[in-house]
Amino acid sequence: MAVLSSSSSAMQKGIVVTVPVLVLTASLSAAIFFILSSSLSSCSCPSSPSSQSDAIVGDVRSEERVSTSREDIDWVKDLIRSNGLHMHENVLRKGINPRTREHQLQDLIQYKGISHYVGDEASNRTALPCPGELLVEEHHSNYGEPWAGGRDVFEFLAESSRLKPNARVLEIGCGTLRVGLHFIRYLNPGNFHCLEKDELSLMAALRYELPSQGLLHKRPLIVRRDDMEFSKFGSGVAYDLIYASAVFLHMPDELVWSGVERLVDKLKPYEGRMFVSHNIKFCSRLGGERCTERLASLGLESLGRQTHDSLLFNHYEIWFGFRRIKG
């Protein structure tokens with residue numbers, strides 16, 4: 001009984017003491033919480049993935065890398081060396097059923113591919129029937145330079161023009177999108193425009209390249225014309241970059257000049273850039289002073305000649321730049 005009595009007394013005393021202790025504890029907790037919250041709000045802690053995404057506004061990245069860096073090249077060279085790879089000692093091997101593009105095309109035509117719906121069934125099941133010539137990528141060989149060179153052109157033009165994803169770009173003669181695919185992937189939807197005259201090239205671009213690259217959602221505006229007429233692209237559009245890769249050298253000089261004249265008002269003043277590859281014979285054939293005068297009469301200024309080295313093969317391209325000098 002004595003033990004129980006003393007214990008009960010102690011418990012009663014504990015109850016009396018506990019109230020101020022709890023009040024003091026709560027006050028201390030609130031003070032600690034205030035200090036911690038203040039320090040966290042002002043700390044320079046590493047940003048989280050969600051906070052980093054705040055740097056992207058309207059899909060325009062504040063720091064957008066385009067070209068391959070020297071560090072990237074050194075890295076892949078080290079990887080090749082560390083794996084003991086020597087291309088000149090190897091021949092690429094095909095699979096268990098080796099066939100050239102020509103054989104693949106023959107099989108597609110003769111046997112309708114491996115399993116291919118025909119007749120009414122094809123129209124019911126196939127969203128976009130694709131010609132065999134496109135499926136074996138014959139159009140990749142229709143250029144004077146490797147298909148992979150399209151990446152080199154993109155890197156040079158994008159960096160020379162300081163493009164951001166919200167920029168607007170017009171290519172004159174985009175063909176099968178050897179270069180255009182890279183711009184379409186990089187730019188915001190609807191911001192890549194193209195004028196092209198060749199039907200087969202456009203079929204390859206629309207029926208194979210865009211679907212196979214998963215870029216249909218980018219909705220590039222591609223117009224078929226052969227007269228350097230740009231009205232279908234809209235009257236109010238202003239381009240950050242207009243370029244023609246190995247196109248103007250195949251066109252009559254006066255047709256080029258008429259196209260350039262129409263394009264001046266569509267190029268953003270001062271900051272916008274126009275690039276022409278290989279040569280500008282349409283201009284140089286006039287003679288130096290007359291060429292400069294005619295450009296100036298249109299509101300254009302020559303930025304001179306630039307070269308761009310290829311990452312993939314021993315090759316460089318020559319480009320001539322222009323800018324609009326009137327608002």
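The values are calculated or read from the model by the stated rules, or taken from the named source; none is laboratory data. Source: prediction; values computed, not measured. Cβ placement follows ideal geometry from the backbone for every residue including glycine, while neighbour counts extend to all protein chains displayed. SASA here: full protein model, heavy atoms, side chains in, ligands and nucleic acids out. Shrake-Rupley method; radii C 1.70, N 1.55, O 1.52, S 1.80 Å.
Quick notes on this one:
- Restricting the first member to segment 126-149 and to residues that are under 13 Å from Glu209 (Cα atoms) and in a loop (DSSP other than H, G, I, E, B), and the second to residues that are open to solvent by 60 Å² or more (accessible area, probe 1.4 Å) and not charged (D, E, K, R), the beta-carbon pairs closer than 6 Å and six or more apart or on different chains are Val136/Gln104.
- Annotation for segment 153-170: no member residue is in contact with a helix residue (DSSP H, G or I) (Cβ under 7 Å, 6 or more places away or on another chain) and of a type in the set (D, E, K, R).
- Taking first residues from segment 66-80 that are farther than 24 Å from Leu181 by Cα and partners that are outside any loop (DSSP other than H, G, I, E, B) and not β-branched (Val, Ile, Thr), the Cβ contacts under 9 Å between residues at least 6 apart in sequence or on separate chains come to Ile80/Met87.
- Screening the candidates Glu293, Glu289, Glu301, Glu317 for the property of being open to solvent by less than 30 Å² (accessible area, probe 1.4 Å), acidic (Asp, Glu) and at negative phi yields one hit, Glu317.
- Scope segment 307-327; condition within 25 Å of Tyr239 (Cβ to Cβ), modelled with pLDDT under 95 and not hydrophobic (A, V, I, L, M, F, W, C); matching residues: Thr307, His308, Glu317, Lys326, Gly327
- Residue within segment 247-255 that is free of Cβ contacts under 8 Å to residues at least 12 places away in the same chain and under 27 Å from the mean Cα position of the chain (by Cα) present: no
- Within the set Glu301, Glu293, the sole residue that is of a type in the set (D, E, K, R) and in a helix (DSSP H, G or I) turns out to be Glu293.
For (1) touching a residue at least 24 places away in the same chain (Cβ under 8 Å); (2) within 24 Å of Pro269 (Cα to Cα); (3) assigned to a loop (DSSP other than H, G, I, E, B); (4) of a type in the set (D, E, K, R), each residue gets a yes or a no:
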position	(1), (2), (3), (4)
Glu159	yes, yes, no, yes
Gly175	yes, no, yes, no
Arg178	yes, no, yes, yes
Gly190	yes, yes, yes, no
Cys194	yes, yes, no, no
Met203	yes, no, no, no
Arg207	yes, no, no, yes
Val223	yes, no, no, no
Ile242	yes, yes, no, no
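- Single condition Leu187 does not satisfy, out of (1) open to solvent by less than 50 Å² (accessible area, probe 1.4 Å); (2) over 11 Å from the mean Cα position of the chain (by Cα); (3) of a type in the set (A, V, I, L, M, F, W, C); (4) closer than 26 Å to Ser69 by Cβ: (2)
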